[in-house]
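Working notes, beginning with the structure itself.
The values are calculated or read from the model by the stated rules, or taken from the named source; none is laboratory data. None of these values were measured; they are calculated from a predicted model. Using ideal geometry, Cβ is built from the backbone for each residue, glycine included, and neighbour counts are taken over all protein chains shown.
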Amino acid sequence: MTTYQPVSCELHTRLELAIMQRRRLSLEWLEDGVRRCEEVLPVDIYTRAAAEWLEFVCAEVRQRVCLDQIVTVSAAVSVAVLVV
(Lines give C-alpha, C1' and ligand atoms only; values in the text may rest on other atoms or scores of the structure.)
Protein backbone atom coordinates (compact mmCIF):
# COMPACT_ATOMS: atom_id res chain seq x y z
CA MET A 1 0.00 0.00 0.00
CA THR A 2 1.21 3.50 -0.78
CA THR A 3 1.36 6.27 1.82
CA TYR A 4 -2.10 7.02 3.19
CA GLN A 5 -3.62 10.35 2.14
CA PRO A 6 -6.13 11.68 4.72
CA VAL A 7 -9.67 12.14 3.41
CA SER A 8 -11.93 15.15 3.82
CA CYS A 9 -13.91 15.64 7.01
CA GLU A 10 -17.04 15.72 4.84
CA LEU A 11 -16.44 12.20 3.51
CA HIS A 12 -15.60 10.90 6.98
CA THR A 13 -18.78 12.43 8.42
CA ARG A 14 -20.97 11.03 5.60
CA LEU A 15 -19.60 7.55 6.24
CA GLU A 16 -20.07 7.84 10.01
CA LEU A 17 -23.69 8.97 9.57
CA ALA A 18 -24.43 6.11 7.19
CA ILE A 19 -23.03 3.67 9.76
CA MET A 20 -25.09 5.14 12.61
CA GLN A 21 -28.28 5.24 10.51
CA ARG A 22 -27.62 1.80 8.94
CA ARG A 23 -28.06 3.40 5.51
CA ARG A 24 -26.90 1.60 2.36
CA LEU A 25 -24.53 3.47 0.08
CA SER A 26 -23.43 3.27 -3.51
CA LEU A 27 -19.66 3.09 -3.12
CA GLU A 28 -17.04 3.39 -5.85
CA TRP A 29 -13.45 2.55 -4.94
CA LEU A 30 -10.13 1.34 -6.30
CA GLU A 31 -9.11 -2.22 -5.51
CA ASP A 32 -5.71 -3.33 -6.83
CA GLY A 33 -5.94 -0.62 -9.49
CA VAL A 34 -9.40 -1.74 -10.65
CA ARG A 35 -12.40 0.52 -10.14
CA ARG A 36 -15.33 -1.19 -8.36
CA CYS A 37 -18.83 0.12 -7.77
CA GLU A 38 -21.23 -1.69 -5.44
CA GLU A 39 -24.16 -1.07 -3.14
CA VAL A 40 -22.82 -1.62 0.38
CA LEU A 41 -23.87 -1.44 4.02
CA PRO A 42 -21.12 0.38 5.93
CA VAL A 43 -20.58 -1.06 9.43
CA ASP A 44 -17.40 0.49 10.89
CA ILE A 45 -14.57 2.98 10.42
CA TYR A 46 -11.29 2.27 12.16
CA THR A 47 -7.59 3.10 12.10
CA ARG A 48 -4.94 0.46 11.43
CA ALA A 49 -1.38 0.67 10.12
CA ALA A 50 -1.49 4.50 10.03
CA ALA A 51 -4.53 4.54 7.72
CA GLU A 52 -8.31 4.76 8.08
CA TRP A 53 -10.49 1.90 6.85
CA LEU A 54 -14.16 1.45 6.08
CA GLU A 55 -15.61 -1.97 6.84
CA PHE A 56 -18.78 -2.81 4.93
CA VAL A 57 -21.02 -5.67 3.87
CA CYS A 58 -21.48 -6.31 0.16
CA ALA A 59 -23.37 -9.34 -1.17
CA GLU A 60 -23.40 -10.76 2.38
CA VAL A 61 -19.59 -10.67 2.56
CA ARG A 62 -17.75 -8.41 5.02
CA GLN A 63 -15.05 -6.38 3.24
CA ARG A 64 -12.89 -3.33 3.84
CA VAL A 65 -11.39 -0.49 1.87
CA CYS A 66 -8.85 2.15 2.81
CA LEU A 67 -10.66 5.50 2.88
CA ASP A 68 -8.21 7.13 0.48
CA GLN A 69 -9.14 4.53 -2.17
CA ILE A 70 -12.79 5.65 -2.23
CA VAL A 71 -13.66 7.49 -5.44
CA THR A 72 -17.33 8.38 -4.85
CA VAL A 73 -20.05 7.82 -2.26
CA SER A 74 -23.76 8.39 -2.74
CA ALA A 75 -27.05 7.22 -1.29
CA ALA A 76 -28.02 3.79 -2.59
CA VAL A 77 -31.04 3.72 -4.86
CA SER A 78 -33.47 1.05 -3.77
CA VAL A 79 -35.85 -0.24 -6.40
CA ALA A 80 -39.18 -1.61 -5.26
CA VAL A 81 -40.91 -4.14 -7.50
CA LEU A 82 -44.69 -4.24 -7.44
CA VAL A 83 -46.16 -7.55 -8.44
CA VAL A 84 -49.81 -7.40 -9.43
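Just a few scattered comments:
- Flag for VAL65 being touching an Asp or Glu at 6+ places or on another chain (Cβ under 8 Å) and surrounded by 14 or more Cβ atoms within 10 Å (Cβ to Cβ): yes
- Among the residues making up region 1-21, a single one is under 21 Å from GLU60 (Cβ atoms) and free of Cβ contacts under 8 Å to residues at least 12 places away in the same chain: GLN21.
- Scope region 1-50; condition hydrophobic (A, V, I, L, M, F, W, C), within 11 Å of the chain's Cα centre (by Cα) and part of a helix (DSSP H, G or I); matching residues: LEU11, LEU15, ALA18, ILE19
- Residue within region 14-26 that is acidic (Asp, Glu) and buried (at least 16 other Cβ atoms within 10 Å of the Cβ) present: no
- Scanning region 51-64 for residues that are over 10 Å from the mean Cα position of the chain (by Cα) and in contact (Cβ under 8 Å) with a residue 24 or more places away in the chain yields ALA51, GLU52.
- Taking residues in region 22-36 that are farther than 14 Å from VAL77 by Cα and at pLDDT 95 or above, and partners anywhere that are part of a loop (DSSP other than H, G, I, E, B) and of a type in the set (Val, Ile, Thr), not one pair has Cβ atoms closer than 7 Å while being at least 6 places apart or on different chains.
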